[in-house]
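See structure below.
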Amino acid sequence: MRRLSPISRRLWARAFSSTPRNSQIRDLSRLERRILPSFYETAQNDLLALQWPAPPRNVLIARKDGSKRVDEAVVQFCRHVQTDYPSINLIVEPRIATGLHELVDKPIYSFDSSSGAASTALKEKVDLVTTLGGDGTILHASSLFATAERVPPVLSFSMGTLGFLGEWKFQEHKRAFREVYMSGADDRAGLLESNSEADSKTLSGWSSVRGKSMGRSRGSRVLLRNRLRVGIVGDQGDVYAMNEVLLHRGRTPHLSQIQIFVGGRYLTEAVADGMLISTPTGSTAYSLSAGGCIVHPLVSSLVLTPICPRSLSFRPLVLPANTPVTLRLSDKNRAEEVEVSVDGVRRSRGLARGMEVRVVGEDIKTADGQWRGGIPSIVRAGGSGAHEGEDHWVGGLNGLLKFNHPFGEDI
């Protein structure tokens, strides 16, 4: 957990004082419990549809740091939501709250990130997550729910360096947010007509939104991104990873020796810089740079990728998501331990000789057919004549990697 600096702690304490200037920041614990959405299959495509049982109320905003363009977009987005959706409560991280609350008209909510209770509060309070940034911002937002079995839907606006995961442009934020917010409202929701004289500020929920309802059959399209359930011997409880789990030799000059077990059976002892276990989402991240294959996010699988192996015959493997994989540091490893990272965050303790990491794909569908796990990513539905569930990924991937683009030509 990231600790606050002394200055940030003082700002945090001041933010919860009773002075008029800082009364705009309220504690997350004051909000009502989250509303759990449901996801249902549609006959037309492979994506799921989002349905709220009631209007979402609590929205967490995560942003990319160090970008003036993103900072301005966050303020614009907050003002739009607070004006057009008066029943929405906006939640931001402490480092954002101390500056943002002076730029908006209504209270915002935050939490003490140095407290262990913050993770529990986020799991219990947040209905929807909105990110403004690149893939790293989405990864950071998902890490806030690393111990949550049910992650809130994630609406991402691509404003960063990489854009494998970002689906929407910020110019579309009004349309995109409305689609997500109205998913579940039917024609009887009582929406305001565009020429109505009623003041939307006196209404709440779906009734405060102008225009026509989308209808229950037109909920926002959702791609459930598989996660890894990671158990490290000696740690308390499992955590979830959106991208990958990494074992790496770190600063030691010696190659690591890692024993690999697949489905409980011994596979091999890898001699390499390290080993990666990735989700389909993570297949376009570190695994791709290490020579791993690209896996479509709808393929329930995990990718086992060696990093600079000594033997050229050891190649990446694609395994079913429900196959448990164990990585054990061999007693013959020359260094006392190797580094362990989950979604790019290095663990404070490494993996010692004889210790192991156990990884398996998360169950995203219950025995009774309900979709519960994974990271619900709001995606754009396919256009006219397109196969929804495919075009948004295929087009985005080719646009980023430029498959077979001739060298020397402008991109």
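A short reminder: the numbers here are calculations on the coordinates, not readings from a lab. Bear in mind that the values here come from a model prediction, so they are computed numbers and not experimental data. Neighbour counts run over all protein chains shown; Cβ positions are idealised from the backbone, glycine included.
Okay, here's what the table says:
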read-out	value
Estimated FRET transfer efficiency (K106, E172; beta-carbon r; R0 25 Å; 0.05)	0.60
Distant-in-sequence amide H partners of K365 (H built 1.01 Å from N, under 5 Å)	R372, G373
Under Karplus coefficients 6.51, -1.76 and 1.60, residue-wise ³J(HN,Hα) of the range 120-127 in Hz, glycine/proline x	5, 5, 5, 4, 8, 10, 7, 8
Potential lengthening between R30 and T161 on full extension [0.36 nm per residue; Cα-Cα distance subtracted]	43.6 nm
Cα centroid separation - the range 99-130 against the range 221-268, whole Å	30
Inter-label distance, nm, simple model (7 Å from Cα along the C-beta direction), D46/L397	0.9
Long-range HN-HN contacts of S156 with modeled amide H, under 5 Å	T131, E167, W168, I378
Residue pairs, from the table K64/K402; K68/K123; K106/K365; K125/K365, whose Cα atoms sit over 27 Å apart	K68/K123; K106/K365
Relative exposure of R353, R227, judged by other C-beta atoms within 10 Å (fewest first)	R353, R227
Rounded to whole Hz, the Karplus (6.51, -1.76, 1.60) HN-Hα couplings of the range 301-313, x for glycine and proline	7, 9, 10, 9, 10, x, 9, 6, x, 5, 8, 6, 7
Amide H contacts of R353 (H built 1.01 Å from N, under 5 Å, at least 5 apart or other chain)	none
A117/H405 FRET efficiency (R0 56 Å; Cβ-Cβ; nearest 0.05)	0.65
In order through the range 342-348: 3J(HN,Hα) via Karplus (6.51 cos²θ - 1.76 cosθ + 1.60), integer Hz, x for Gly, Pro	10, 6, x, 9, 6, 6, 5
Packing-based exposure ordering (other Cβ within 10 Å, fewest first) of C308, C293	C308, C293
Distance in nm between pseudo-label sites at A54 and V75 (7 Å out along the Cβ direction from Cα)	3.5
Extended-chain gain in nm, criterion 0.36 nm per residue less alpha-carbon gap, I294 and D65	79.6 nm
